[in-house]
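The values are calculated or read from the model by the stated rules, or taken from the named source; none is laboratory data. Note that the structure is predicted; figures quoted are calculated from it, not measured. Here the Cβ positions follow ideal geometry from the backbone for every residue, glycine too, while neighbour counts run over all protein chains shown. Heads up: the accessible areas ignore ligands, DNA and RNA and are worked out on the full protein's heavy atoms, side chains in. Shrake-Rupley method; radii C 1.70, N 1.55, O 1.52, S 1.80 Å.
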Amino acid sequence: MREAFTLMFGLLASAATYFFGGWSQLLDVLVYMVIIDYCTGFLAAWMEQRLSSSIGFKGIGKKLLIFVAVTVAHKLDIALNSAGFLMNTAIYFYIANEGLSLFENITRAGLPVPRFIRNALIQLKKQTDGGEKSPEDKEAS
């Protein structure tokens, strides 16, 4: 059993190093935000009596694609010799995006959200995406 755990840990650490250049505190925050956002979305849907397995699986797919995008940014950093700039910017963008989504879920569940936290996340998102509107924002306009 111990050998299996050691092998699994070694494989995960090797994968993290290959895909992300190692593990950082930013990646840790991103993983936390992704998990918490998914859980709050699940709870909000449950409270609204709108749970759907197809929407849930679609959400998991989107969360996995976040890490694909971060991996691509890391590989571009290597190709452009940009010392993690693109990957870190992508991570900041997705942290802000997940944070905004998390607070939308909290609002859907009927709880208030401190305005200063929401404003900070909006500012972070604007800084990382150059002020461009996302496809979701364009649809809402």
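Listed values, structure above:
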quantity	calculated
Neighbours by Cβ (under 9 Å, 6+ apart or cross-chain): first from the stretch 11-27, touching a residue at least 24 places away in the same chain (Cβ under 8 Å); second among the basic types (K, R) and open to solvent by less than 80 Å² (accessible area, probe 1.4 Å)	F19/K75
Residue check, T40 of a type in the set (V, I, T) and open to solvent by less than 50 Å² (accessible area, probe 1.4 Å)	yes
G59 of a type outside the set (S, T, Y), more than 17 Å from A109 (Cα to Cα) and touching a Phe, Trp or Tyr at 6+ places or on another chain (Cβ under 8 Å)	yes
Residue under evaluation M33, criteria (1) open to solvent by less than 60 Å² (accessible area, probe 1.4 Å); (2) on the phi < 0 side of the Ramachandran plot; (3) modelled with pLDDT under 95, criterion not met	(3)
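Listed here are the residues, each with its yes/no results for (1) basic (K, R); (2) over 10 Å from the mean Cα position of the chain (by Cα); (3) surrounded by 15 or more Cβ atoms within 10 Å (Cβ to Cβ).
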position	(1), (2), (3)
R50	yes, yes, no
I55	no, yes, no
K63	yes, no, yes
T89	no, yes, yes
L100	no, yes, yes
